[in-house]
Amino acid sequence: MWTIFGMMKNALGRFHRDEEGVGTVEIILITIVVIGLVVLFRDSIYDLVETLTESMKNQASSI
């Protein structure tokens with residue numbers, strides 16, 4: 001009976017120390033933050049991209 005409790009304690013300890021999925025969680029959280037920032041600043045980003053493309057068109061036409 002005591003060995004069952006010891007095995008469970010060891011299994012829980014290994015599970016607690018396991019860091020295999022940490023990288024995936026970090027990538028998911030970073031992706032969520034980036035998407036949130038894009039949604040929050042989408043109008044500013046759109047205006048910036050539009051200004052840059054207009055500037056490139058004007059410079060390309062002068063070449």
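So between ILE30 and ALA60, what do we pick up on full extension, going 0.36 nm a residue minus the alpha carbon distance? Kindly include the intermediate steps, with their values, before the conclusion.
Values: separation 30, 0.36 × 30 = 10.80 nm, distance 3.66 nm.
Here the answer is 7.1 nm.
Of all alpha-carbon pairs in the chain, indicate the percentage at a distance above 17 angstrom.
Values: 1354 of 1953 pairs.
Distances greater than 17 Å cover 69 percent of the Cα pairs.
Whenever you get a sec, compute what percent of the accessible area on the chain sits on carbon and sulfur atoms (1.4 Å probe). Before the final figure, lay out each step's value.
Numbers: 4350 of 6290 Å².
The nonpolar share, carbon plus sulfur, comes to 69 percent.
R0 = 35 Å: FRET efficiency of ILE45 with GLU20, Cβ-based, nearest 0.05?
Details: r = 35 Å, r/R0 = 1.01.
Calculated value: 0.50.
The values are calculated or read from the model by the stated rules, or taken from the named source; none is laboratory data. Keep in mind it's a predicted model, so treat the numbers as computed, not measured. With ideal geometry, Cβ positions are generated from the backbone for all residues, glycine too; neighbour counts draw on all protein chains shown. What goes into the accessible areas is simple: the full protein's heavy atoms, side chains included, and nothing from ligands, DNA or RNA. Shrake-Rupley method; radii C 1.70, N 1.55, O 1.52, S 1.80 Å.
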